[in-house]
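A.B. asks: Structure provided below as structure tokens; questions to follow.
The values are calculated or read from the model by the stated rules, or taken from the named source; none is laboratory data. Since we're looking at a predicted model, the values are computed, not measured. Note that we place each Cβ from the backbone using ideal geometry, even for glycine, and neighbour counts take in every protein chain shown. Ligands, DNA and RNA are excluded from the accessible area calculation, which covers all protein heavy atoms including side chains. Shrake-Rupley method; radii C 1.70, N 1.55, O 1.52, S 1.80 Å.
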Amino acid sequence: LSHLLMSFLAQLVTPELLVSPSSQDGDLGSECPEDRGNWTGRLDFLLSCIGYCVGLGNVWRFPYRAYTNGGGAFLVPYFIMLAICGIPIFFMELSLGQFSSLGPLAVWKISPLFKGVGMGTILIVSLVAIYYNMIIAYVLFYLFASLTSDLPWQHCGNWWNTDLCLDHHVIKAGNTTFPVNITNTVSPSEEYWSRYVLHIQGSSGIGDPGRIRWNLCLCLLLSWTIVYLCILKGVKSSGKVVYFTATFPYLILVMLLIRGVTLEGAWKGIRFYLTPQFDHLLSSKVWIEAALQIFYSLGVGFGGLLTFASYNTFHQNIYRDTFIVTLGNAVTSILAGFAIFSVLGYMSQELGVPVNQVAKAGPGLAFVVYPQAMTMLPLSPFWSFLFFFMLLTLGLDSQFAFMETIVTAVTDEFPYYLRPKKASFSAVICIALFLMGLILTTEGGMYWLVLLDDYSAGFGLMVVVITTCLVVTRVYGMKRFCRDIHMMLGFKPGPYFRACWMVLSPATMMALLVYNIVKYQPSEYGSYRFPAWAEVLGILMGVLSCLMIPMGMVVAVLREEGMLWERVQQASRPAMDWGPSLEENRTGMYVASLAGSQSPKPLMVHMRKYGGITSYENTAIEVDREMEEEEEEESM
């Protein structure tokens, strides 16, 4: 009887298993939840990550940091910190996002007690998105200003110039006829930036913002409009835009590099940039600077990586992608240094001053020094347009990531209400952030931008990353996390990753946090010192994102039942529906834990879909066997 029953069951199952995968309703793309959306092209995810990581900081922060911290010797701590801190945390974020297919808020089903970490992330990203788009607005302003035959910051004699303005052409002529004292003079490009673009003379400080600069306001509106149109359909639209915004900057960078190294005096700048000063390596400051550069350049902790990975299919090879993006980002930074310093070397020769007197970082490089260098080249409007177009594409795809993070985080929390209205919700977020950013378009807007830049993603972001690292390895458990990755990728992370996650990465981040607090310096912009109330406001910005963590804990504990310690234990355990989002990927402890789950054997779904057992199913069987053996050992 049992033999007859088995043969009858085999007849029922076999036809389904023999059906070829191509004749099924779905294809490989349907492996992700359709209502949430997923990447539509093979390279969408990789290019989005590259676009997100390779941003303005690669051009205007890395070269300056390198030359002030030992030149070529800076690459030693830079790559060591990349290995200890950058690559492991990058891979951890991608793994969390891909395994759960959830945004930075809902992903805390892994340990609901720490959901406040996700709320802190969203607060940080929102503040950064406000001022980052203002920088894009400045870039648009300069982009339009470059569409002339003569660049407006080329000469003195305009209504915004003062008596201190000195044209470099005059200096060049002066070298042969009479000595010119340039110590108390200002370049035309500097006055154009401060007195025309910002009109900062109309404000006495951060407490006196002055009037709105309507040309800047329109540029900000345009930048938010561009961002909204690109994220209108979520990753389906932004995933296509990055094919241009992530690759085109490389083309322009190579053009600027070739133009730069062919200029007279270029090697003077490159020598200044790369000459190794190994005595700097004995200074702790250099190692901290290298870690900070890695930390902010890769964008870990902002939720962008986790969000992008959450739109992947379950078995996407993020291990390979981690190394492509992190090493590609490092190489881009080094290349950008050559492009910048070759031009600075030429500029220093033209002005007859040392390179260190023309080298600057941040907005000073992008909106003062480099534009001034452009005026010394033949076809200066063309090179200026190219440079600012490169900055625009570098900035936009980072902004896409910030917006996608905010929208995904909230829609994953309220999928039934917000997912069908994702385009409208994105519009509401963009309008709200545009209105909050209006203060940055005033005459004193630069003071507010500096305050946001200094405090919004400072120690608060480090606390978020450290907490994430500790929760995944200590609360959730290193063994379980490695098993999840094994189930997803077919192999377990090696000793290098485990050592970094357990000890090296959190220890490095703690050192960064302590260094930032000990070496705290009040904000300043040029010679302007911020008042005490502005400092307090900035510190509160950072503290608020940290306070989200204990606030989230209180809410999570109140939702549980029992004594306090029991509530804490229950809240720290993964939620019932934690795990892969699709039933067919849920094996072992994740089987049938989804709401409304009918299938006790997801492997059968896989087999019907792919026409047999794949290497991933073998992995799933191995994971199940491992867990059974561990349970037996514990019971003994």
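A.B. asks: On a 0 to 90 degree scale, rounded to 10, what angle separates helix 214-231 from the longest Cα axis of the chain?
C.D. replies: Compared with the principal axis, the helix lies near 20 degrees.
A.B. asks: Can you pull the accessible area of Thr247 for me, 1.4 Å probe, Å² to the nearest 10?
C.D. replies: Surface accessible to solvent at Thr247 totals approximately 70 Å².
A.B. asks: Pulled fully out, how much extra length does the chain show between Ala511 and Glu264, if you take 0.36 nm times their separation in residues and subtract their Cα-Cα distance? Walk me through the numbers before you get to the answer.
C.D. replies: Details: separation 247, 0.36 × 247 = 88.92 nm, distance 4.31 nm.
Full-extension gain reported as 84.6 nm.
A.B. asks: At 1.4 Å probe radius, can you tell me the per residue accessible area of the chain in Å²? Could the numbers behind the result be given before it?
C.D. replies: Numbers: 27080 Å² over 636 residues.
I get 43 Å² per residue for this part.
A.B. asks: Which value in deg cm²/dmol, rounded to the nearest 500, describes the helix-derived mean residue ellipticity at 222 nm for the chain, given -39,500 (n - 2.57) per DSSP H run of n ≥ 4 and division by the residue count? Each step should come with its number before you reach the end.
C.D. replies: Details: 30 runs with 396 residues, N = 636.
Helix contribution divided over all residues of the chain: -20000 deg cm²/dmol.
A.B. asks: Roughly to the nearest percent, how much of the accessible area of the chain is carbon and sulfur, given a 1.4 Å probe?
C.D. replies: 66 percent
A.B. asks: For labels at Val331 and Leu147 in the simple 7 Å Cα→Cβ model, what's the distance in nm?
C.D. replies: 3.5 nm
A.B. asks: Specify the inter-centroid distance of the stretch 309-340 and the stretch 355-410, based on alpha-carbon positions, in whole Å.
C.D. replies: Centre-to-centre distance over Cα atoms comes out at 20 Å.
A.B. asks: Please go through the stretch 475-562 and write out the GluC sites (Glu not before Pro) that DSSP classes as loop and that have at most 13 other C-beta atoms within 10 Å. Please list the in-between numbers first.
C.D. replies: Values: sites: Glu524, Glu535, Glu560, Glu561; in loops: Glu560, Glu561.
When the GluC sites (Glu not before Pro) of the stretch 475-562 are filtered for loop state and at most 13 Cβ neighbours within 10 Å, Glu561 remain.
A.B. asks: To continue, here is another question. Using alpha-carbon pairs under 8 Å, 6+ residues apart, how would you state the relative contact order of the chain in percent?
C.D. replies: Details: 939 pairs, mean separation 190.1, N = 636.
Averaging sequence separation for qualifying contacts and normalising by length gives 30 percent for the chain.
A.B. asks: Only sites in a loop by DSSP and with at most 11 other Cβ atoms within 10 Å count here; which GluC sites (Glu not before Pro) in the stretch 178-282 make the cut? Spell out each step's value before the answer.
C.D. replies: Working: sites: Glu190, Glu191, Glu264; in loops: Glu264.
Loop-located and lightly packed - Glu264.
A.B. asks: Can you compute the charge dipole magnitude of the chain about its Cα centre, using +1 on each Lys and Arg Cβ and -1 on each Asp and Glu Cβ, nothing else charged? Give it in debye, rounded to the nearest 20.
C.D. replies: On the way: 38 positive and 46 negative charges, 199 e Å.
Roughly 960 debye for the chain.
A.B. asks: Quote the FRET efficiency, to the nearest 0.05, computed for Arg320 versus Val503 with a Förster distance R0 of 25 Å and r equal to the Cβ-Cβ distance. Don't jump to the answer; show the numbers that get you there.
C.D. replies: Numbers: r = 25 Å, r/R0 = 1.01.
My answer for the efficiency is 0.50.
A.B. asks: Which value in nm describes the separation of the simple spin-label points at Asp208 and Lys421, placed 7 Å from the Cα toward the beta carbon?
C.D. replies: Calculated label separation equals 4.5 nm.
A.B. asks: Quick one: Cα centre-to-centre distance for the stretch 256-306 and the stretch 467-509, in angstrom?
C.D. replies: So the separation of the two Cα centres works out to 29 Å.
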